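The structure under discussion appears below in the form of structure tokens.
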Ligand code: CP
């Protein structure tokens, strides 16, 4: 199916061909962002960003991407400033039907799983999922794949560690779906009971990827070409005590845990790096050659330029 006019709700729907198209389009558009220029590619188009949950990178990078391509942006960063978040509680469906009349594409983040699919059902314009609860964050995974390709020159053949709460964290879900299209070796590093949800594990099995699971990062860090990690969200836990217990178990990234990293390994992290208790990713790691997460932020703008161009059918 062409990407033009398509919703991006889950990366499970993306084939290798789709991903390759996004990554090659991003490569063509990268000079515009690198030179901090603006083009006129999407000059007649309008993006709506509807963020029901906080965001720094996803919202601002989509807005930057649209503006770099000459398009306009409307939307809200806090639902309390809209009727969806006031005492009337306007429904999501009505909100989307209204915004659909204003914009050519909608980017939405919501704290409830499945809301991106609901929005896509009622909108006539494409809806892009910017994170729906603990479910998925597909454009984050696309920008992470682009970062790997740019920095390691390939994705096939690499050993990628998925390090953290694979059960609850949406970035791992989308990244695992994305990586299932490549010939990678996957190493899962997580505390017991926090493995990938069954449908995602099944996809990886069906695609015949080599996998291994450990609980301690130190055991495998020397084998990884890519260390992909994310901070655990407190919201995923029933109560504070459960989160506190889990916090002590899940792998933290610091100079000690990456001491025996392979030369050339890159660390990707969607950020933010704090989890409400401490730094999941120690700032001391920033000065090591492994730290790629701020460059990853730049690649995020580039990848989202590609996503918007493709969804809106622009000729790149
Ligand atoms: N990477 C990411 O989703 O960051 P934000 O929550 O700031 O958008």
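The numbers here are math on the coordinates, done by the rules we state, and not lab data. If you're wondering where the values come from, they're calculated on a predicted model, not measured in any experiment. Glycine also receives a Cβ, built like all others from the backbone with ideal geometry; neighbour counts cover every protein chain displayed.
Computed from Cα atoms, the angle from the helix 170-179 axis to the main principal axis of the chain rounds to 80 degrees.
Descending by average beta-carbon neighbour count within 10 Å, the peptides 137-147, 59-69, 13-23 line up as 137-147, 59-69, 13-23, the highest first.
Relative contact order for the chain: 21 percent, from Cα pairs under 8 Å spaced at least 6 residues apart, divided by residue count. Segment residue 274..residue 113, full-extension length gain: 55.7 nm, with 0.36 nm per residue of separation and the alpha-carbon distance subtracted. Between helix 16-34 and the chain there is an angle of about 80 degrees, using the helix long axis and the longest principal axis of the Cα atoms. Kindly identify region 169-310 as rounded, prolate or oblate by the Cα gyration tensor criterion: order the square roots of the eigenvalues as a ≥ b ≥ c, call it rounded if a/c is under 1.5, otherwise compare a/b with b/c, prolate if a/b is larger, else oblate. Here region 169-310 falls in the rounded category.
Counting only alpha carbon atoms, the long axis of helix 138-152 and the longest principal axis of the chain meet at about 60°. Spherically averaged projected area of the convex hull of Cα atoms, region 119-217: 7.1 nm². Here, the chain has an Rg and a Dmax of 19.0, 56 Å when only alpha carbons are counted.
Stretching residue 240 away from residue 37 to a fully extended chain increases their span by 68.5 nm, per 0.36 nm per residue minus the current alpha-carbon distance. Shape summary: region 193-264 maps onto an equivalent ellipsoid whose semi-axes, from the alpha-carbon gyration tensor, are 23, 21, 9 Å in decreasing order.
Gain on full extension, evaluated as 0.36 nm per residue between residue 78 and residue 298 minus their Cα-Cα distance, stands at 76.8 nm.
Just to be sure I understand: of the beta bridges DSSP finds with both ends in the chain, what percent are antiparallel, rounded to 5? Antiparallel bridges: around 5 percent, rounded to the nearest 5.
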